[in-house]
Each structure stands twice: as C-alpha cells, then as structure tokens.
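Below is one structure, written out as structure tokens; the observations come after it.
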C-alpha cells in the first residue's frame, strides 16, 4: 500500500491480544488493526468537534416539495455526512453543501421508488414511506 | 471500518441489491420480491470514507463484526436474510 512507513513499539500484552484477533480471523493483518484504530480515533475526534442538527426546507428539485422542514444531522469527519434517521437515509460530500445536495437526491430516489411499490413494502420501508409521503408532495 | 470501493461493490452485488438506474445512488434489498431495505450503492471516486462505511453498515442493519464478515465473505445472501429475520426486518409470512 502506498503511504508513510511507521515503526512502533507496543507492549507484549497488547501484541499478544492483537495476534489473537488476527488468529480469530477478525482482521487479516496487524497493519489493518493499526489503520482501524487510527481511523476510529479520527472519527472520535470528529465527534468531539461535534455534529449539529439543521433544517432542510427545500429538496432542490422542481418535481418534489417538502411540506415541513426536514431535520438532518450534519457530521464532520473524513467526509461530511448528512443523515436523517427517520428516513434511514444519508448523503455525503467534501463540503456540507455537497452532502446536502447528495442527501436530497437520495431522498428523491427513495420517494419515487417507494411510491411505485407502496403496496408491497416490508415493515421497515412501509414505515419510511408513511413518513415520506406525509412530508413530501409532488409539484 | 474503512472500505475500498471494490469491496463495497462486491458486498452490494452479493446481496443482490436492485438498482433501478445506473445513475441512481441508492438500491433496494429484496426478499421474495418484497423490498426490505434501501442502502447506498454508489460511492464516487476512491475508497469509501470510514464514516460513510459506518452509515452503510447502519442501513444494512449489521453490527461491526457482521459487516466485517460480510465484506470478508463468510456472510452471504442467505446468512444475511437470517440476520434480518432475527432482527425483525423480514417477517415469517
């Protein structure tokens, strides 16, 4: 893998426990565990920086309109991620604006696809459609 | 967990996600013809950012170990269906 080579010393106990994870097949290599740990630390750091909730009032499309504000969580990190858990939908991008645009596109795709199959949905998607069909109208 | 783009694509192929159009960003997991879940299927250029892979894992209703096993291969379509049944996303009927 391209990147910076790092040499490190860890305790015998930590090494032994790490080896057990590899032997158990949870990770294929020591490098992957270290990379996982570093990425987790970065994610935690983003969480400390704080996510925030904003209201989206426009789906940025001519064919669909929101009847009420849609509250989303904006999370900083490796990518900016915009999420609405009621819709089980997220969008992402390098900037908040890109992430919101991506999110709106995913919401619109869900609207049209769930509408088409509204009488044949499993329980999870039926619940999402019930909410989505209340807050989105066609123009 | 960090996810390479080809790993994400392999997972979604393995789960036989239905994508209505090649430009769509989301797809549908079907069981016996019934739409059960929707998840992200398009990830742009490069590897999938770690926090985005976490969101995909959430949409697939898997814990970290199950998601890792899905990526590494032990979990296939049938095993995934059993997980969703156990979590109540797929009914018995």
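The values are calculated or read from the model by the stated rules, or taken from the named source; none is laboratory data. Computed from a prediction, not measured in an experiment: that's the story for all the values here. Methodologically, a virtual Cβ is constructed for each residue, glycine included, from the backbone with ideal geometry; neighbour enumeration extends over all protein chains shown.
Listing for the model above:
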| item | result |
| --- | --- |
| Some residue of region A:80-96 being part of a loop (DSSP other than H, G, I, E, B), touching a helix residue (DSSP H, G or I) at 6+ places or on another chain (Cβ under 8 Å), surrounded by 19 or more Cβ atoms within 10 Å (Cβ to Cβ) and within 11 Å of chain B (Cβ to nearest Cβ) | yes |
| Filtered residues of region A:110-120 (kept if facing another protein chain (nearest Cβ under 9 Å) and buried (at least 19 other Cβ atoms within 10 Å of the Cβ)) | A:110, A:113, A:114 |
| Which numbered condition residue A:103 misses (of (1) crowded, with 22+ Cβ neighbours inside 10 Å; (2) touching a helix residue (DSSP H, G or I) at 6+ places or on another chain (Cβ under 7 Å)) | (2) |
| Subset of region B:9-36 [more than 7 Å from chain A (Cβ to nearest Cβ) and not in a loop (DSSP other than H, G, I, E, B)] | B:9, B:10, B:11, B:12, B:13, B:14, B:18, B:27, B:29, B:30, B:31 |
| Which numbered condition residue B:32 misses (of (1) surrounded by 13 or more Cβ atoms within 10 Å (Cβ to Cβ); (2) at pLDDT 85 or above; (3) under 21 Å from residue A:118 (Cα atoms)) | (1) |
| Residue within region A:64-71 that is loosely packed, with under 12 Cβ neighbours inside 10 Å, modelled with pLDDT of 90 or more and touching a helix residue (DSSP H, G or I) at 6+ places or on another chain (Cβ under 8 Å) present | yes |
| Of all residues in region B:51-81 being within 12 Å of another protein chain (Cβ to nearest Cβ) and surrounded by fewer than 13 Cβ atoms within 10 Å (Cβ to Cβ), the one that is farthest from residue A:92 (Cα to Cα) | B:74 |
| Selection from region A:1-32 of residues that are surrounded by 13 or more Cβ atoms within 10 Å (Cβ to Cβ) and modelled with pLDDT under 80 | A:26, A:27, A:32 |
